[in-house]
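Quick note: the coordinates plus some simple rules give every number you see, no bench work behind them. The structure presented is a predicted model; accordingly, all values stated were derived computationally and were not measured. Reconstructed Cβ throughout: ideal geometry from the backbone, glycine too, with neighbour counts over all protein chains shown.
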Amino acid sequence: MKLLLWFEHFIFHTAVWKLVTVILLVMLFKTGIWYIPNLEMSLALALNPFANPFTDPNAHYLVWNWLSPFIAWLLGIKAFWAFFLLHLGFVVAFTALFIRQIFVRLPEREARVALIVFALLPVSATAYFWTGPDALTLLLLLLAVGEIPPSPPFAKGGTGNWPILASPFAKGGLRGIFFLCIGILLGMQHFEQALFAIGGLLFALLLDKKSPVFPLFLLAGIVAGKLTLIGVFNHADMQVNSGRTFWLQEHLDLLLGSFFFHLHHILWSVLGLGWLVALKYADQGRQSLAFFLTLAGLLLLLLVSADQTRVLAIVTFPLLAVYWLLNREFLTQFTDRQVAGLFLLWLLIPWSWVWIGEPRTSALPYDLAWLLNNMFGWFDVPANPALWPFADELHKW
């Protein structure tokens, strides 16, 4: 196909900035930008992070996503759109840092392949589709994973994001302190997601007989971050229940039913076109066993997740980053034609994202309708549009 030849030339021979720009524009066209429906509730916590604003015990889990509202409080943010833009800034930083990371740690060709693979994965756009606390969680996870020293069969290249961590001293204490601090921040932002994300990576590295030192520092920090939050809440005399554990007990039947009746959509959405990359990785035979055993274990979280694509995109990110996106040896195995084919499929296949088992479409039409309503009064926009792109009964407007 001449079209594939053209895509090959574009991906591997056009200027990097042009390739990055096109991918980001296509990604936003396919996905749109919206905010997580409970973002306004998180803003209530940002107005005073030392008091629980929720009387509904089912909303207490939001208090445990404490770090980003605390940052907003430090910055004096009180308006909803400023709060939204703060989180949008976190996700833009995540994307920019990832792009920088691959071009620092990998040869240029493999970096271009990694960029295409990243675009295929739901994690690349989920925090734009649902802008909110996940943006900071992903940014912190990337800061951690991007600094794990590469070792065969993983990426060989640059040292990471922070030059000070490339010093001989950084091989010991300083790097350990860095991971511990990032872990503490993760524990204060989203303990459960961070625990499973880093715990999954640690499990895979142990199966592969790789050094577990730095993931262990991260896990220690994550637990310390959770304990720090408990201390803050106790000191402020905040009455907060167990959060997600309480919510899960109240909604377990709904979650299990959602998984049972929408299994096919849910499983596909976890990786989307990334399942084709998984087939490629399976060609490594027994060497891929640690990765797939860990992935299978993380998939069990689908049974207890309401927003299945979002949760799995985040908790699998460290695993995918180490084994795929920053793995030079794996990326070299893709031919130019294969990468061009994946890119073409990505262009053609719509955004795949599941919430409560139901596929959700791009938010872009709703973005445009909202803009046209504000500029010209066109379209009827709900007074509270948080659920507008996602609620089935509102799709009939």
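Taking the Cβ-Cβ separation of residue 41 and residue 379 as r and a Förster radius of 22 Å, what is the calculated FRET efficiency to the nearest 0.05? Spell out each step's value before the answer.
Details: r = 26 Å, r/R0 = 1.18.
The value I calculate is 0.25.
Based on the Cβ-Cβ distance of residue 349 and residue 234, what FRET efficiency does E = 1/(1 + (r/R0)^6) give at R0 = 45 Å, to the nearest 0.05? Intermediate results must be reported in sequence, preceding the final value.
Working: r = 49 Å, r/R0 = 1.09.
The computed FRET efficiency comes out at 0.35.
How far is it, in nm, from the label point at residue 74 to the one at residue 242 when both lie 7 Å from their Cα along the line to the Cβ?
According to this spin-label approximation, the distance is 3.1 nm.
Suppose R0 equals 51 Å; then what is the FRET efficiency for residue 372 and residue 287 from their Cβ-Cβ distance, rounded to the nearest 0.05?
Efficiency computed from Cβ-Cβ geometry: 0.45.
Students often check this: by mean Cβ neighbours within 10 Å, which of 181-194, 271-284 ranks highest, and how do the rest follow? Before the final figure, lay out each step's value.
Details: 181-194: 24.4, 271-284: 17.0.
With the highest mean Cβ count within 10 Å placed first, the list reads 181-194, 271-284.
What percentages, rounded to whole numbers, describe P(r) for the chain computed over all alpha carbon pairs with 20 Å bin width beginning at zero?
26, 60, 14, 0
If packing is taken as the mean number of other Cβ atoms within 10 Å per residue, what is the order of 141-148, 371-378, highest first?
Values: 141-148: 23.9, 371-378: 10.9.
Ranked from most to least packed, the peptides come out as 141-148, 371-378.
Taking the highest mean first, how do the peptides 333-341, 104-112 order by number of other beta carbon atoms within 10 angstrom per residue?
Final packing ranking: 104-112, 333-341.
Skipping prolines and chain starts, which residues have an amide H placed within reach, meaning under 5 Å, of the one on residue 355, given they are 5 or more residues away or on another chain?
Long-range HN contacts for residue 355: 360.
Given axes a ≥ b ≥ c from the Cα gyration tensor, I'd like to know whether the range 176-323 is rounded (a/c under 1.5), prolate (a/b larger than b/c) or oblate.
Here the range 176-323 falls in the oblate category.
Helix-derived [θ] at 222 nm for the chain: sum -39500 (n - 2.57) over DSSP H runs of at least 4, divide by residue count, nearest 500?
-19500 deg cm²/dmol
Counting Lys +1, Arg +1, Asp -1, Glu -1, what net charge surrounds residue 333 among other residues with beta carbon under 11 Å of its beta carbon?
-1
Would you calculate the convex hull of the Cα atoms in the range 286-369 and tell me its volume per residue in Å³?
Dividing the Cα hull volume of the range 286-369 by its residue count gives 132 Å³.
What per residue convex hull volume, in Å³, do the alpha-carbon atoms of the range 192-265 yield?
113 Å³
Counting only pairs 8 or more residues apart or on different chains, how many lysine pairs in the chain have their Cα atoms under 20 Å apart?
The result is 6.
With +1 on the Cβ of every Lys and Arg and -1 on the Cβ of every Asp and Glu, and nothing else charged, how large is the dipole of the chain about its Cα centre, in debye rounded to the nearest 20?
The dipole of the chain has a size of about 1300 debye.
By how many nm would the segment from residue 29 to residue 337 grow when fully extended, if each residue of separation counts as 0.36 nm and the alpha-carbon distance is taken off?
Between residue 29 and residue 337, full extension yields an extra 108.4 nm.
Using the Cα centre of the chain as origin and beta-carbon charges of +1 (Lys, Arg) and -1 (Asp, Glu), tell me which of 225, 144, 42 is placed farthest towards the positive end of the dipole.
Selected residue: 144.
Mind checking which of 62, 101, 14 is farthest towards the positive end of the range 2-138's charge dipole, using Cβ charges of +1 (Lys, Arg) and -1 (Asp, Glu) about the Cα centre?
Sorting the options by dipole projection puts first 14.
Under the rule of at least 5 residues apart or a separate chain, name every residue whose amide H is placed under 5 Å from the amide H of residue 35.
Placed amide hydrogens put 131 under 5 Å from residue 35.
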